[in-house]
Amino acid sequence: MKLIIEDDEGRKTVVPVVGDEITIGRNDQNVIRLEEKNVSRRHGRLLREHGRYYIEDLHSFTGILVNGEKVAGKRMVHAGDLIQISEYDLILMDGPEERPVLPWVGNDGAPPAIGDELLRPRPPRRSRRRGRPRGCRRKPMPGRAGWPRPPPSGCPI
């Protein structure tokens, strides 16, 4: 498995999921460090138990959403699920060697040909920015590193 992390500016990072626990938060001791101020020091963790994956909210201030639903405690996640932590989108994906063999029949009743992909459809993306383009904030935030800088093109500030 791998975790694809996308920040609010569209930068993507791929992290291989190794081990049974991956901690996520703002603190340096976390395996995955997210630097946004709205991320708690120990925000959550990704667990593997008996071959299944779970995301757990560690009583963070802003919480964790899975496919748009708030997580209370621990919740099972599957490949392709969208996990949202503050301004970050995390997607858990199967690696090529870990794809499960699933019984599948195509539209014509025949089994899939070699090379056909068996992927769950990605949930629809819902913007928390009320229709603003990705990477666009309502107004510049003084005090943040890199400001003032011009907003992205098409940003209605």
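Give, in nm to one decimal, the length gained when the segment between residue 50 and residue 6 is fully stretched (0.36 nm per residue of separation minus the Cα-Cα distance).
Result for the pair: 13.1 nm of gain on full extension.
Just to confirm, what accessible area per residue do you get for the range 43-94 at 1.4 Å probe, in whole Å²? Walk me through the intermediate numbers first.
Details: 2320 Å² over 52 residues.
I get 45 Å² per residue for the range 43-94.
Mind listing the phi-derived Karplus ³J(HN,Hα) values for the range 46-58, rounded to whole Hz, using 6.51, -1.76 and 1.60 with θ = phi - 60°, and x for any glycine or proline?
9, 10, 10, 10, 6, x, 10, 10, 10, 10, 10, 7, 9
Using a ≥ b ≥ c from the Cα gyration tensor of the range 1-101 (square roots of the eigenvalues), is it rounded, prolate or oblate, where a/c under 1.5 gives rounded and otherwise the larger of a/b and b/c decides, a/b for prolate?
prolate
If r is the Cβ-Cβ distance from residue 59 to residue 94 and R0 is 30 Å, what FRET efficiency results, to the nearest 0.05? Don't jump to the answer; show the numbers that get you there.
Values: r = 30 Å, r/R0 = 0.99.
So, using R0 = 30 Å, E works out to roughly 0.50.
The values are calculated or read from the model by the stated rules, or taken from the named source; none is laboratory data. Model, not experiment: these values are computed from the prediction. A quick note on method: Cβ atoms are made from the backbone with ideal geometry, for glycine too, and the neighbour counts reach across all protein chains shown. Accessible surface is based on the protein model in full, side chains and every heavy atom, while ligands, DNA and RNA are left aside. Shrake-Rupley method; radii C 1.70, N 1.55, O 1.52, S 1.80 Å.
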